[in-house]
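What follows is a short report on a single structure.
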Amino acid sequence: MRIGIVGGTGDIGEGLAHRLSHEHEIIIGSREKDKACTMSKSLTDNLAEKGVLDAKCAGATNQEAVDNGDIVILSVNYKHLESTLAGLTGFEDKIVITPVNPISKKDHFYFDPPAEGSAALEIKRLLPESSRIVAAFNNISAQKWKRLSEKLDYSVVVCSDDEDAKKTVMELVNSISELKALDGGPLEMSSVVESLTPLILNIAKYNNMKDVGIKFF
Ligand SMILES: NC(=O)c1ccc[n+]([C@@H]2O[C@H](COP(=O)([O-])OP(=O)(O)OC[C@H]3O[C@@H](n4cnc5c(N)ncnc54)[C@H](OP(=O)(O)O)[C@@H]3O)[C@@H](O)[C@H]2O)c1
């Protein structure tokens with residue numbers, strides 16, 4: 001599968017691209033194509049040093065990541081989401097994964113959702129009706145994604161109103177390390193999944209823990 005990552009040069013994008021480029025063709029998107037190409041080169045070099053010689057990754061603009069991805073992952077901070085989407089076209093019929101969490105911080109982190117109730121529901125409003133929005137990967141830290149020698153042993157709750165898109169994304173999740181996809185129901189439930197992330201961040205902060213995550217069983 002070809003997976004375009006909008007904002008792919010960021011923390012989550014880097015981790016996702018590393019973990020997915022063994023089996024999928026990754027298009028790292030950026031506002032600056034050169035930056036994405038540099039990251040793509042460093043990623044393939046890094047994986048080659050680890051013996052992975054067939055990583056498939058390329059740098060691109062964000063628009064090219066949308067145009068060339070069968071799946072598009074929106075890996076930008078919530079505060080840049082609306083302006084980023086306003087500058088992009090071509091989301092019709094695409095599976096669009098959102099790991100975006102609308103979070104603010106006082107002394108602690110808290111859920112700070114838009115009027116729609118969640119970032120995923122706002123994305124649904126902003127993108128063409130035929131876009132197939134799926135919330136996933138909201139609750140795993142980017143640092144954990146990036147430590148390639150470590151297994152990812154978490155649950156990933158997947159929410160969508162498009163059952164086929166949800167199934168495709170759940171299969172993608174289950175192909176990564178030891179992640180276990182769980183059907184979290186319709187996109188409306190994304191508010192609950194997104195709101196868990198500030199809880200996770202606060203648990204990490206107040207208990208001096210790292211890589212706090214969720215595993216349902
Ligand atoms: N970090 C985590 O641990 C984590 C965990 C779970 C979910 N998430 C979610 O994943 C999403 C991405 O998080 P992240 O930590 O990877 O983000 P990030 O590193 O802060 O940013 C991602 C990319 O956004 C682009 N960007 C920066 N400023 C921008 C602007 N003004 N307008 C448009 N694009 C801009 C940059 O790419 P270019 O400069 O190359 O354009 C940057 O590399 C967030 O919504 C977050 O809630 C993050």
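Can you tell me which residue within region 155-175, out of those that are of a type in the set (Gly, Ala, Ser) and surrounded by 18 or more Cβ atoms within 10 Å (Cβ to Cβ), is farthest from the ligand (Cβ to nearest atom)?
In this case the residue turns out to be Ala165.
Evaluate the following for Leu20: is it within 17 Å of Phe137 (Cα to Cα) and open to solvent by less than 10 Å² (accessible area, probe 1.4 Å)? First the steps, then the outcome.
Details: within 17 Å of Phe137 (Cα to Cα): yes; open to solvent by less than 10 Å² (accessible area, probe 1.4 Å): yes.
Answer is yes for this residue.
I want to confirm something. Restricting to region 104-123 and keeping residues that are of a type in the set (A, V, I, L, M) and more than 12 Å from the ligand (Cβ to nearest atom), which single residue is farthest from Ser191 (Cα to Cα)?
Among those residues, the one meeting the criterion is Ala115.
So that you can scan it fast, the table gives a plain yes or no per residue for (1) open to solvent by 10 Å² or more (accessible area, probe 1.4 Å); (2) out of contact with any strand residue (DSSP E or B) (no Cβ under 8 Å at 6 or more places or on another chain); (3) in a helix (DSSP H, G or I); (4) of a type in the set (Ser, Thr, Tyr):
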| site | (1), (2), (3), (4) |
| --- | --- |
| Ala115 | yes, yes, no, no |
| Asp153 | yes, yes, no, no |
| Ser177 | yes, yes, no, yes |
| Glu194 | no, no, yes, no |
| Asn208 | yes, yes, no, no |
| Lys215 | yes, no, no, no |
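It is to be established whether one or more residues within region 65-77 are on the phi < 0 side of the Ramachandran plot, surrounded by fewer than 20 Cβ atoms within 10 Å (Cβ to Cβ) and within 15 Å of the ligand (Cβ to nearest atom).
Yes, region 65-77 has at least one match.
What's the number of the condition Ser104 fails, among (1) touching a residue at least 40 places away in the same chain (Cβ under 8 Å); (2) over 18 Å from the mean Cα position of the chain (by Cα); (3) assigned to a strand (DSSP E or B)?
With respect to (1) touching a residue at least 40 places away in the same chain (Cβ under 8 Å); (2) over 18 Å from the mean Cα position of the chain (by Cα); (3) assigned to a strand (DSSP E or B), Ser104 is out only on (1).
Name the residue that is farthest from the ligand (Cβ to nearest atom), counting only residues in region 140-149 that are in contact (Cβ under 8 Å) with a residue 24 or more places away in the chain and more than 16 Å from Ile200 (Cα to Cα).
Leu148
For region 14-31, which residues satisfy the criterion of being β-branched (Val, Ile, Thr) and touching a residue at least 40 places away in the same chain (Cβ under 8 Å)?
Across region 14-31, the qualifying residue is only Ile27.
Is there a residue in region 27-40 that is open to solvent by less than 10 Å² (accessible area, probe 1.4 Å), more than 11 Å from the ligand (Cβ to nearest atom) and assigned to a strand (DSSP E or B)?
Checking region 27-40: not a single residue is open to solvent by less than 10 Å² (accessible area, probe 1.4 Å), more than 11 Å from the ligand (Cβ to nearest atom) and assigned to a strand (DSSP E or B).
Go through region 80-103 residue by residue and tally those that are farther than 20 Å from Val156 by Cβ, near the ligand (Cβ under 8 Å from one of its atoms) and not polar (S, T, N, Q).
Total meeting the criteria: 2.
The values are calculated or read from the model by the stated rules, or taken from the named source; none is laboratory data. Computed from a predicted structure; not experimentally measured. Don't worry about glycine lacking a Cβ; one is built from the backbone with ideal geometry, like all the others, and counts go over all protein chains shown. The area values use the complete protein model at the heavy-atom level, side chains included, leaving out ligands, DNA and RNA. Shrake-Rupley method; radii C 1.70, N 1.55, O 1.52, S 1.80 Å.
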